[in-house]
Amino acid sequence: MTATETPAATTVLGSRLLRKEDPALLTGEGRYVDDLVVPGALWLGLVRSTVAHARVSVDVGPALDAPGVVAAFTGDDLLDAWAAPLPCAWPVTEDMKAPEHRPVAAGTACYVGDIVAVVVAESRAAARDAVEAVLVDYDELPAVVDLEEAAEDRVLVHEDLGTNRSYTWELTPDADAVERAFAEAAHTVSERYVQQRLIPAAMEPRGVVVVPAPHGGEYTVYSSTQIPHILKVMLAATTGVPEHKIRVIAPAVGGGFGSKLNVYAEEVLALALARKLGRPVRWTEERSEAAVATIQGRGQIQHIELAADAAGKVTAVRVRLLADLGAYLQLVTPGIPLLGAFLYHGVYDIPAYSFSCTGVFTTKTPTDAYRGAGRPEATYAIERAMDALAVEVGVDPAEIRRRNFIPTDAFPYSSAPGLVFDSGDYEPALARALEMVGYEELRAEQARRRESGSTAHLGVGISFYVEMCGLAPSRVLASLNFGAGGWEAATVRVLPTGMVQVVTGTSPHGQGHETSWSMIVADRLGVDPDHVEVLHSDTDVSPHGLDTYGSRSLAVGGTAVWHACEKVVAKARTIAAHQLEVAEEDLEFSGGQFQVRGSPDRAMPIQAVAFQAFLAHDLPEGMEPGLSAQVVWDPPNFTFPFGAHIAVVEVDEETGRVQLLRYVAVDDCGNQVNPLIVEGQVHGGILQGVAQALWEEAAYDGDGNLRSATLADYLVPSAAEAPSYELDHTVTPSPTNPMGVKGVGEAGTIGAAPAVMNAIVDALSPLGVTDIDMPASPHRVWSAIRAAKEAQQ
Amino acid sequence: MIPAKFDYVRAGSAAEAIAALGEHGDEAKLLAGGHSLLPLMKLRLATPAVLVDVGRLDDLRYIRDAGDQIAIGALTRHHDLETSDLLAEQCPMLRHVAHLVGDPQVRHRGTIGGSLAHADPASDLPAAVLALGGTLVARGPDGEREIAATEFFTGFLESALAGDELLTEIRVPKVPGAGWSYQKFNRRAQDWAIVGVAAVRNGTTGVALVNMGTTPLRATAVEEALAGGASAAEAAERADEGTEPTADLNASEEYRRHLARVLTRRALEEAGA
Amino acid sequence: MKVAVTVNGTKQEHEVEPRTLLVHYLREVVGLTGTNIGCDTSSCGACTVLLDGQSVKSCTVLAVQADGAEITTIEGLASDGQLHPMQEAFRQHHGLQCGYCTPGMVMAAVSLLDENPAPTEAEVREGLEGNLCRCTGYHNIVKAVLAAAEGAAS
């Protein structure tokens, strides 16, 4: 080695740059909320209902006598602490019914886990002990657990609403066309699928610390949240503390997957009690507490019907959903099914479309966003139904998909439900996935096994997904009645020494934004990525932002960084031209240098420009000193990543055990900033989808008790259960942003569950099995096999 | 996550532990590796007033050749078992079963004595010791007594140990060259068995069942059928006879019975019965 | 109750309640917060540390049980500013995302290679059965551990 290697700035985008975040996290230096040392902090202990539905009377007296206890409150005690109830920011219809949702229930508990009292103590252990001392008397009301029963309103979750049906949201652009298509169809399929409830189970449970500055009236809120910016606004609204007196910091956050995209009772309580008591207040969730206290995902019953012509070309799709809201509306609970509402035609060119969703209250933990949020459900329904159609028409599952793909020359594609797909090229991704998995050989092996009478059944399952992500154009969100915009902010500052600070409104919790944003800056400004620092997740440092969820951060927040860099370069160009005494058009900018065309010896690096901008000794007339720029980017459209996933399973007919033998995924998220990070997102996403198919279920009994409340019972898979993933990708850039990026955080999860379930059903089709509910536990698979055999006799 | 308060007694010898148990009676629990007890205490499903820690009784941590038997000290950890050369030679099934308990961290701490004394019907090691026809040694204020494994498990999480007795040793026969099999059926590697079957063929065939009732069970109907000349498949059909499996998230009673039959057949076939 | 332990080579001595879990002792008394808590049922392994050289779940050991022991936490792996080879392998292979399971996962992997220096992929997967990660799908973690084993062998 003779020279230090520095990455060429123009090739950093698309490179497998190692993450900047890692050294701290690998050495235990990462500071999560529970790691923070806060002298004098009081600990909250939350008394949670152990009954799904009951009128409660609470006596906190005995807790007040317990050692170390400072205060204890019932819901009634705190009624005057709230300026507004806990927020739901997405009233999806004008007439949506919403129960009042207080941080501590007063009078009636509506799910197991509903907070009925809070104790405040000098230590974590004292708070835990005091929780045991609170006396709660339950006058039990009937639980409402089953979704279809709840929709019948025989027993109400909230008496005052008069119904369990919160809303019905419909999207049927042309009802006659749908009717006609079904009337004229050569083939139809009608399927019912159940999306079981899932527990997001980010490895870091939630936590919050509120540190008051009593004399200034200011509060610093540390929270394990994905949304520090939104949380700040909502904390102001719920507690009445003025917004400018609240600073929210999300320190290191140990995963979210949508579960930390919320405004939780504990956050609001910690602020209200820090204010009331004038001392720091903190709370850290325990895992079995998280199972009921943190939102759950999915929870739908889906009816999907397809109409098709004789060749299997689908002419209409009709979808009717029941969505399990749980007992209350959390931040975006009612809107989750709507994020999938436009995608039930999948990647297929289906001209007639009808969708309707009814949101229903049950006496269970509220549902809300979980990785994919609405889109995994949509993809599951259409991809399972396409397999059913393939059987009905009598063609291969790959072939039925090819016959229906939106043709490549149709992009930008205006879909029947009203979206414009930015770009897509589906056939090559499917072809590549089939090639990688060795589809023909697998089918031959499957036929051999079937002929031999083997009880180890081989199954191959295809799913092809498209998602709308990069949330989102603000005016589209307005049309959906979403209570916020979809823009993102970025500031890029070139410091006097040439180092760069990026301030982003995104709030990473594992996605590696510090690395990726540095790469964007390195590419645009021609600087070393190590000379870029990314500041985030602190509302005082980064006052503008809409945070991280919905695979939005790169396509919206990263694009904002890109545009801010362009503004910096434009200003720097003006300064450089002034200093070099040439016209701006005569300057070429590459590799961090402003170069005078035709004069190789006349150049100015951007670092020197930054120093001149700082000195301000000789700037163009009227120019503000400093080299920085801020951009707020509101995207013109969603982005539409897609991909082909194929699962290969072996099912033991005797025991019902499913073994996932192989998993192939060919994803297309447009241009990739850092393939290392993209692959990591895909790996983890796939396993969460596979886990929905095979292991995970928030299982409730008839009384509304969660039976899978611990990680011993809720089966998050380990490395021993996970497959090795075989990945490839295609690249179809998005035309709606300058980097041509789309987003990949949710892709794996969206593609995986239907691939695995299609594979299982494929394996067992000779036995007459046509459907199995998720998760396909050995017991459930065995039961399905037995039922199918009995039906055939 | 935080256990309720308790008093802690660290036993310096087996005699001290036995004396402490005698002193505190039902309020006291023995703590060995802690991997059955502490998880219950963290969720406050167990709230003993006194913990008697026997974890430092290193004289009860051994795997010894004892003539036609292997003698294993009660404080021997699962990791000791899964890496024992003596067991590899003389009782490979026990070594293998120990390797399937929990996960590596659990095996580094958990002890065979703790596992047997906890008497969990879903545990792996009790069934292995049952199938092997092992013997347990208990020490109390009045000295030692031997308890056949078949007599040890008396009810759900209940054993034949008296309140002031300490399990000190587990003896299993040497069975070099015997056919054996352990079929553990679970959904994740770290989990308890939904159903498990241990079979060892050493002249006669011993078969024991995991999670098929309130205690670890000997599959006596299977053993009798085999002794009477039945084939493995025929005998396995009787695997759930006399069992009372429960239903839970992972299995109905009926499915457990089915699994017991299938896994018993597979175990017998693998053991060469 | 008095507890005296050596943590990452430094002697520690404190008075604790008998019910204090080793993980709470390390985090709140000794002040080493790298070891995380991810569950309350000994399922997730986020709290894995080395106790006398072997991986244990520090949420399932009382501090008083560890009296006299040598403990290594994630903070004790790197030396002189150099990442431990296992930490380096995790970095090189993108074996972490949010980082919360990482300290426990790395400690479990160190213990795994200590007991089995040349594991197969299946042995790595089984050897990490007691550690849950929600981000990575384990693919790159397994690659990292295999690479660390290979690096140590070469």
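The values are calculated or read from the model by the stated rules, or taken from the named source; none is laboratory data. As the structure is a computational prediction, the values presented were derived from the model and not from experiment. With ideal geometry, Cβ positions are generated from the backbone for all residues, glycine too; neighbour counts draw on all protein chains shown.
A few comments on the model shown:
- Yes/no for residue C:80 being within 14 Å of chain B (Cβ to nearest Cβ), surrounded by fewer than 19 Cβ atoms within 10 Å (Cβ to Cβ), of a type outside the set (S, T, N, Q) and farther than 23 Å from residue A:204 by Cα: no
- Looking at region B:9-93, the strands (runs of 3 or more DSSP E) lying wholly inside it that each contain 1 or more residues that are within 26 Å of residue B:199 (Cα to Cα) sit at B:63-66, B:69-73.
- Flag if residue B:144 is more than 30 Å from residue B:228 (Cα to Cα), of a type in the set (Asp, Glu) and more than 14 Å from every other protein chain (Cβ to nearest Cβ): yes
- Taken over region A:488-540, residues that are assigned to a loop (DSSP other than H, G, I, E, B), in contact with a Phe, Trp or Tyr (Cβ under 7 Å, 6 or more places away or on another chain) and buried (at least 21 other Cβ atoms within 10 Å of the Cβ) amount to 0.
- Residue B:53 touching a helix residue (DSSP H, G or I) at 6+ places or on another chain (Cβ under 8 Å) and within 14 Å of chain C (Cβ to nearest Cβ): yes
- With respect to (1) in contact (Cβ under 8 Å) with a residue 40 or more places away in the chain; (2) more than 16 Å from the chain's Cα centre (by Cα); (3) surrounded by fewer than 22 Cβ atoms within 10 Å (Cβ to Cβ), the lone exception for residue B:67 is condition (1).
- Inclusion of residue A:360 among residues that are more than 29 Å from residue A:668 (Cβ to Cβ) and either β-branched (Val, Ile, Thr) or in contact with a helix residue (DSSP H, G or I) (Cβ under 6 Å, 6 or more places away or on another chain) (or both) is warranted.
- None of A:68, A:40, A:14 is out of contact with any Gly (no Cβ under 6 Å at 6 or more places or on another chain), within 14 Å of chain C (Cβ to nearest Cβ) and either modelled with pLDDT under 95 or on the phi > 0 side of the Ramachandran plot (or both) except A:68.
- Candidate set: region A:432-457, residues that are of a type in the set (Gly, Ala, Ser) and more than 18 Å from residue A:663 (Cβ to Cβ); chosen: the one surrounded by the most Cβ atoms within 10 Å (Cβ to Cβ): A:456
- Residue tally, condition in contact with a Pro (Cβ under 9 Å, 6 or more places away or on another chain) and modelled with pLDDT under 95, over region C:112-154: 3
- Residues being within 7 Å of another protein chain (Cβ to nearest Cβ) and without any contact (Cβ under 8 Å) to a residue 40 or more places away in the chain - total across region C:18-35: 1
- Unique residue being within 11 Å of chain A (Cβ to nearest Cβ), part of a strand (DSSP E or B) and either surrounded by fewer than 23 Cβ atoms within 10 Å (Cβ to Cβ) or within 15 Å of the chain's Cα centre (by Cα) (or both) when the list is C:5, C:49: C:49
- Boolean, residue C:43 is in a loop (DSSP other than H, G, I, E, B) and either hydroxyl-bearing (Ser, Thr, Tyr) or in contact (Cβ under 8 Å) with a residue 12 or more places away in the chain (or both): yes
- For region C:52-67, taking the residues that are within 8 Å of chain B (Cβ to nearest Cβ) and either of a type in the set (Ser, Thr, Tyr) or crowded, with 24+ Cβ neighbours inside 10 Å (or both), the one that is farthest from residue C:34 (Cα to Cα) is identified as C:65.
- All of (1) within 14 Å of chain C (Cβ to nearest Cβ); (2) closer than 24 Å to residue B:201 by Cα; (3) buried (at least 24 other Cβ atoms within 10 Å of the Cβ); (4) not β-branched (Val, Ile, Thr) hold for residue B:130 with one exception: (1).
- Single unsatisfied condition, residue A:583 versus (1) surrounded by 13 or more Cβ atoms within 10 Å (Cβ to Cβ); (2) more than 46 Å from the chain's Cα centre (by Cα); (3) without any contact (Cβ under 8 Å) to a residue 12 or more places away in the chain: (1)
- Contact map, region B:247-270: residues that are at the interface with chain A (Cβ under 8 Å from one of its Cβ atoms) paired with residues that are surrounded by fewer than 19 Cβ atoms within 10 Å (Cβ to Cβ) and of a type in the set (Lys, Arg), Cβ distance under 6 Å, separation 6+ or inter-chain. Pairs shown: B:249/A:707.
- Residue match in region A:351-367 (condition: crowded, with 24+ Cβ neighbours inside 10 Å, farther than 30 Å from residue A:328 by Cα and within 21 Å of the chain's Cα centre (by Cα)): no
- One residue from B:219, B:198, B:160 being surrounded by fewer than 23 Cβ atoms within 10 Å (Cβ to Cβ), within 21 Å of the chain's Cα centre (by Cα) and among the hydrophobic types (A, V, I, L, M, F, W, C): B:160
- Within region A:104-203, helices (runs of 4 or more DSSP H) holding 2 or more residues that are modelled with pLDDT of 95 or more, within 30 Å of residue A:509 (Cβ to Cβ) and within 34 Å of the chain's Cα centre (by Cα): A:124-133
- Test: residue C:38 is touching a Gly at 6+ places or on another chain (Cβ under 6 Å), touching a residue at least 24 places away in the same chain (Cβ under 8 Å), at the interface with another protein chain (Cβ under 9 Å from one of its Cβ atoms) and small (Gly, Ala, Ser): no
- Listed by position, the helices (runs of 4 or more DSSP H) inside region A:674-793 whose residues that are surrounded by 23 or more Cβ atoms within 10 Å (Cβ to Cβ) and under 25 Å from the mean Cα position of the chain (by Cα) number at least 1 are A:675-694, A:747-764.
- Single unsatisfied condition, residue A:455 versus (1) under 30 Å from residue A:334 (Cβ atoms); (2) within 14 Å of another protein chain (Cβ to nearest Cβ); (3) of a type outside the set (Phe, Trp, Tyr): (1)
- Count of residues meeting criterion [touching a residue at least 40 places away in the same chain (Cβ under 8 Å), surrounded by 24 or more Cβ atoms within 10 Å (Cβ to Cβ) and in a helix (DSSP H, G or I)] in region B:94-105: 2
- Restricting C:125, C:91 to residues that are assigned to a helix (DSSP H, G or I) and buried (at least 21 other Cβ atoms within 10 Å of the Cβ) narrows the list to C:125.
- Strands (runs of 3 or more DSSP E) lying entirely in region A:292-383 (those with 1 or more residues that are at pLDDT 95 or above, farther than 24 Å from residue A:188 by Cα and hydrophobic (A, V, I, L, M, F, W, C)): A:314-326, A:352-361
- Looking only at region B:102-122, residues that are within 11 Å of the chain's Cα centre (by Cα) and closer than 17 Å to residue B:31 by Cβ come to 10 in all.
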